[in-house]
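Structure, as structure tokens:
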Amino acid sequence: MSLTISFTLRDDVTPFVHRVRTDIRPNRTMHRYMADEARAEVRSNFAILAGEEHNAMGAPSSGFWQRMIDGTVALSTEEAAIVRMPREIAQRFYGGPISPIAGKYLAIPARTEAYNKSPRQFDDLRFVPLGPGRGMLVQRAQTQLTPFKSGKRKGQIKSVEETGGGVFYWLVSGVTQRPNPRVLPANEVLGAAALRGFGTYLQTLV
């Protein structure tokens, strides 16, 4: 007794390879898939950094990293996949000098009330020089009157206290920021993300 098995081979691979040879040429669509994956990796890294940074003064977050996340976009051309980020990222990544754009000094918050605010938002600060290129903004002393709230002397002054006078900002003519390579994902991480995007693009060709 003999058994005969017959089957037909269907070659789906060769036509796909021929198609890929044509469609695999760099193009805007392919680069957009790659840029989208790389952008997601960059945004994820920013979110991690946001979770790691804590304000030593206990003030609310400035929202810096959320602004960086929102400002990071994916672009593509026929020649390249592009992830564009706000310019502040370059400053943090490469480091370097920071100089005041307007005025003579950079204002560094010295207390919680000053954090995330401009000195111009306060109308009771006075400048105290500390030497060439340095100074501070100090709150002017204020008289606080505390009245009696009840009893025969209600409304009369209970105590007089001088408040204010604390340092709100340290002023410097410039600073040098240290480079921080952790601001961006490592090259191999970005490369892997772009490769994932490339793989997704290939799946659209099947």
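The values are calculated or read from the model by the stated rules, or taken from the named source; none is laboratory data. Predicted model only: the values in this text are computed from it and were never measured. Heads up, the Cβs are rebuilt from the backbone with ideal geometry, glycines too, and the neighbour counts pull from every protein chain shown.
From the list ILE108, ILE89, exactly one residue is of a type outside the set (Ser, Thr, Tyr), surrounded by 11 or more Cβ atoms within 10 Å (Cβ to Cβ) and in contact with a helix residue (DSSP H, G or I) (Cβ under 7 Å, 6 or more places away or on another chain). Which is it?
On the way: ILE108 fails: in contact with a helix residue (DSSP H, G or I) (Cβ under 7 Å, 6 or more places away or on another chain).
Answer to the selection: ILE89.
Just to be sure, is ILE101 in a loop (DSSP other than H, G, I, E, B), β-branched (Val, Ile, Thr) and at pLDDT below 95? So that I can check it myself, show each step before the final result.
Details: in a loop (DSSP other than H, G, I, E, B): yes; β-branched (Val, Ile, Thr): yes; at pLDDT below 95: yes.
Yes; evaluated as a whole, the condition is true for this residue.
Output the number of residues of the stretch 95-132 satisfying the condition of being of a type in the set (Ser, Thr, Tyr) and either more than 11 Å from TYR169 (Cα to Cα) or without any contact (Cβ under 8 Å) to a residue 12 or more places away in the chain (or both). Working first, answer last.
Let us first name the residues in the stretch 95-132 that are of a type in the set (Ser, Thr, Tyr), namely 99, 105, 112, 115, 118.
Adding the requirement that they be either more than 11 Å from TYR169 (Cα to Cα) or without any contact (Cβ under 8 Å) to a residue 12 or more places away in the chain (or both) leaves 99, 118.
Residues in the stretch 95-132 being of a type in the set (Ser, Thr, Tyr) and either more than 11 Å from TYR169 (Cα to Cα) or without any contact (Cβ under 8 Å) to a residue 12 or more places away in the chain (or both): 2 in total.
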